[in-house]
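Here it is: the structure, laid out below.
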Amino acid sequence: MKRFRFPLRPVAILRANRELKAREALAASMAAHAQTEARLAATRARILNLEELVRRDRSGAFLAGAGATFNQAYRREWAAEAEAQRQVNAARAVLDRSRDACVEANRELKAIARLEENARGDYEQLRQRDEQGQLDEIAGQRAARRRHAQSL
């Protein structure tokens, strides 16, 4: 009997490559999301630090120049925080899309794997049936020889 050959093997290879690329894209988007989260956390920490400086400065004498400087810095940090939050949201959207693409690629790969598994099972049944037929043929030939030998 011929060796097993899965006719959709090239499709399986393509889907495996697609799934690998989807996993790599997911890992990259996870790293990018983590970086944007870290930038957002750093920006928020700077805002808290600036607020603490303003609180400490208010306990002493009021200086208009220092107050204006703190106000400008505070506005800059809030603008940076808003931009960082926008980047986090964009990175989260990319992460969700890559996760969906990875899940879909994995689902497609598993479908081909199930088809190959079923084809292998069918092939194995045919192989066993063929082998059993050959064994039956050998047993029949031996029985015929015995009958022939006994009749002589």
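The values are calculated or read from the model by the stated rules, or taken from the named source; none is laboratory data. Given the structure is predicted, the values throughout are model-derived calculations rather than measurements. Methodologically, a virtual Cβ is constructed for each residue, glycine included, from the backbone with ideal geometry; neighbour enumeration extends over all protein chains shown.
Residue under question is residue 66, and the condition is that it be more than 27 Å from residue 21 (Cα to Cα), of a type in the set (Gly, Ala, Ser) and in a helix (DSSP H, G or I); does it hold?
Working: more than 27 Å from residue 21 (Cα to Cα): yes; of a type in the set (Gly, Ala, Ser): yes; in a helix (DSSP H, G or I): yes.
Yes.
Let me ask you something else. Would you be able to tell me the number of residues in segment 70-109 that are more than 30 Å from residue 8 (Cα to Cα) and touching a residue at least 60 places away in the same chain (Cβ under 8 Å)? Write out each step before concluding.
Going residue by residue through segment 70-109, those that are more than 30 Å from residue 8 (Cα to Cα) are 70-96.
Narrowing further to those that are touching a residue at least 60 places away in the same chain (Cβ under 8 Å): 91, 94-95.
Total satisfying the criteria: 3.
Within the group 17, 49, which residue is closer than 18 Å to residue 103 by Cα and of a type in the set (S, T, N, Q)? Spell out the reasoning first.
Values: 49 fails: closer than 18 Å to residue 103 by Cα.
After applying the criteria, what remains is 17.
Hey, among 39, 23, 46, which residue is assigned to a helix (DSSP H, G or I), of a type in the set (Lys, Arg) and within 19 Å of residue 107 (Cβ to Cβ)? So that I can check it myself, show each step before the final result.
Numbers: 39 fails: within 19 Å of residue 107 (Cβ to Cβ); 46 fails: within 19 Å of residue 107 (Cβ to Cβ).
Exactly one residue qualifies, and that residue is 23.
Hey, can you tell me all the residues within segment 77-96 that are surrounded by 13 or more Cβ atoms within 10 Å (Cβ to Cβ) and either of a type outside the set (A, V, I, L, M) or touching a Leu at 6+ places or on another chain (Cβ under 6 Å) (or both)? Walk me through it before giving the result.
Filtering segment 77-96 down to residues surrounded by 13 or more Cβ atoms within 10 Å (Cβ to Cβ) leaves 77-78, 80-81, 83-85, 87-88, 90-92, 94-95.
Selection gives 77, 78, 81, 83, 84, 85, 87, 88, 92.
Results for (1) aliphatic (A, V, I, L, M); (2) over 18 Å from residue 22 (Cα atoms); (3) in contact with a strand residue (DSSP E or B) (Cβ under 8 Å, 6 or more places away or on another chain); (4) not in a helix (DSSP H, G or I), shown as yes or no for each residue.
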position	(1), (2), (3), (4)
74	no, yes, no, no
82	yes, yes, no, no
85	no, yes, no, no
96	no, no, no, no
106	no, no, no, no
125	no, yes, no, no
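Among the residues of segment 127-152, what is the count of those that are more than 60 Å from the chain's Cα centre (by Cα) and part of a helix (DSSP H, G or I)?
Narrowing segment 127-152 to residues more than 60 Å from the chain's Cα centre (by Cα): 143-152.
From what's left, part of a helix (DSSP H, G or I): 143-151.
Residues meeting the conditions: 9.
Filter segment 46-74 down to residues that are surrounded by 11 or more Cβ atoms within 10 Å (Cβ to Cβ), hydrophobic (A, V, I, L, M, F, W, C) and over 26 Å from residue 84 (Cα atoms) and give me whichever is modelled with the lowest pLDDT.
63
Hey, any hits in segment 3-18 for a residue that's assigned to a helix (DSSP H, G or I), surrounded by 13 or more Cβ atoms within 10 Å (Cβ to Cβ), at pLDDT below 90 and not hydrophobic (A, V, I, L, M, F, W, C)?
Here is the first cut: in segment 3-18, the residues assigned to a helix (DSSP H, G or I) are 9-18.
The next check asks that each one be surrounded by 13 or more Cβ atoms within 10 Å (Cβ to Cβ); those that pass are 11-12, 14-16, 18.
Next, only the ones that are at pLDDT below 90 stay: none.
The answer is no; no qualifying residue exists.
Next up: What residue, among those in segment 97-142 that are in contact with a helix residue (DSSP H, G or I) (Cβ under 8 Å, 6 or more places away or on another chain) and over 30 Å from residue 34 (Cα atoms), is surrounded by the fewest Cβ atoms within 10 Å (Cβ to Cβ)?
This residue is 113.
Name the pairs whose Cβ atoms lie under 9 Å apart, with the first residue in segment 1-22 and touching a residue at least 60 places away in the same chain (Cβ under 8 Å), the second assigned to a loop (DSSP other than H, G, I, E, B), and 6 or more positions between them or separate chains?
Partner pairs satisfying both residue conditions: 12/6.
When you scan segment 31-41, how many residues do you find that are exposed (fewer than 15 other Cβ atoms within 10 Å of the Cβ) and either touching a residue at least 24 places away in the same chain (Cβ under 8 Å) or not aliphatic (A, V, I, L, M) (or both)? Outline the logic, then answer.
Initially, segment 31-41 is screened for residues exposed (fewer than 15 other Cβ atoms within 10 Å of the Cβ), giving 31, 34-35, 38, 41.
Still in the list and also either touching a residue at least 24 places away in the same chain (Cβ under 8 Å) or not aliphatic (A, V, I, L, M) (or both): 35.
Selection size over segment 31-41: 1.
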